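Take a look at the structure set out below.
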């Protein structure tokens, strides 16, 4: 998962859990899947009340909102709006085969034990031309009928459960078969899947009455450039922090490397060849909105150039969510960066 997406995932889920003052569900970390209520105590607005809190709508294909949007609209209306636009884009993307995309989404949902997402992935697979037999085969553990299918579904599972174990050879095969742009789209789809599943699990969201909703095509009016959204409300925890929390955590893995060894590993990482090409800013910006990415303010972060240059629709939508949430949530930067460090280390992400 790209590093900024890790930050976004951690921050949103933390904000949700803080507002709920509850622990994460057992299904998110192993064990039996929880029989969750609609949203684990977070108030769920009806459609009309939620729409009233969201930014001005330019057009929308339906007035029905997914349950997660109705739960988040009260505290993060602008972030919710950006996420609705993002969800439609990712559920309808044709950056690679739509049926394969839905099956990869299903694999991620199953690995994360997220029943909501699994139901949505099944609906999207049928909408893309898949069959009930396709779904039954996935549920039975089928790994795909072709070498490419097997490689893509294995990639989806690894990216969900242990992304650091994906090999150069596995990525190289996908690029040889599909090309760089579709493979970058696959990575972004898996990043979105794992972000969304963690959010849905923390909310305890159940599928809407009548079954999964179709993708909601909605466009919100852009806010005035000088408008700064109010930070999200942060209710005080009901229970005090436990006094038994350790002041210092002994980490044998971290202590196993001295500073010199750590530097050597960092140099080894820097000397590695990338798995995909890094577009130049000059080539990437041609397909980007100049209002969001002015030509005279070049992007220099390599992973950003990969995302923007290879996926000029999927990439900027993610970054819009990041920026919107950052302004609206206004979280403590030190705390957020500390969480980011813990998560990236747990994922064995060198970044």
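The values are calculated or read from the model by the stated rules, or taken from the named source; none is laboratory data. These numbers were taken from a predicted model, which means no experiment stands behind them. Quick reminder, even Gly has a Cβ in these numbers, built from the backbone with ideal geometry, and neighbours come from all protein chains shown.
Being in contact (Cβ under 8 Å) with a residue 60 or more places away in the chain and out of contact with any strand residue (DSSP E or B) (no Cβ under 9 Å at 6 or more places or on another chain) narrows it down to one of 170, 180, so name that one. Steps first, answer last, please.
Working: 170 fails: in contact (Cβ under 8 Å) with a residue 60 or more places away in the chain.
Every option except 180 fails the conditions.
Rundown of residues vs (1) under 21 Å from residue 214 (Cα atoms); (2) crowded, with 16+ Cβ neighbours inside 10 Å; (3) within 18 Å of the chain's Cα centre (by Cα); (4) modelled with pLDDT of 95 or more, yes/no style:
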| site | (1), (2), (3), (4) |
| --- | --- |
| 112 | no, yes, yes, yes |
| 116 | yes, yes, yes, yes |
| 120 | yes, yes, yes, yes |
| 125 | yes, yes, no, yes |
| 131 | yes, no, no, yes |
| 141 | no, no, no, no |
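Residue 268 - would you say it is touching a helix residue (DSSP H, G or I) at 6+ places or on another chain (Cβ under 7 Å) and either part of a helix (DSSP H, G or I) or without any contact (Cβ under 8 Å) to a residue 60 or more places away in the chain (or both)? Against the criterion (touching a helix residue (DSSP H, G or I) at 6+ places or on another chain (Cβ under 7 Å) and either part of a helix (DSSP H, G or I) or without any contact (Cβ under 8 Å) to a residue 60 or more places away in the chain (or both)), residue 268 does not qualify. You will find that of 149, 197, 226, the residue that is assigned to a helix (DSSP H, G or I) and either closer than 23 Å to residue 43 by Cα or modelled with pLDDT under 95 (or both) is 197 and no other. Scanning segment 154-181 for residues that are buried (at least 22 other Cβ atoms within 10 Å of the Cβ), more than 13 Å from the chain's Cα centre (by Cα) and closer than 24 Å to residue 84 by Cα yields a single hit, 156. When segment 272-287 is filtered for residues that are out of contact with any helix residue (DSSP H, G or I) (no Cβ under 6 Å at 6 or more places or on another chain) and either at positive phi or in a loop (DSSP other than H, G, I, E, B) (or both), the ones remaining, listed by number, are 272, 273, 274, 277, 280.
Limited to segment 324-335, what total is found for residues that are crowded, with 17+ Cβ neighbours inside 10 Å and part of a helix (DSSP H, G or I)? Walk me through it before giving the result.
Restricting attention to segment 324-335, the residues satisfying the condition of being crowded, with 17+ Cβ neighbours inside 10 Å are 324-326, 328-329, 331.
Keeping just the survivors that are part of a helix (DSSP H, G or I) gives 324-326, 328-329.
Residues that pass the stated criteria total 5.
Screening residue 346 on (1) exposed (fewer than 13 other Cβ atoms within 10 Å of the Cβ); (2) under 18 Å from the mean Cα position of the chain (by Cα); (3) more than 22 Å from residue 187 (Cβ to Cβ) shows it passes everything except condition (3).
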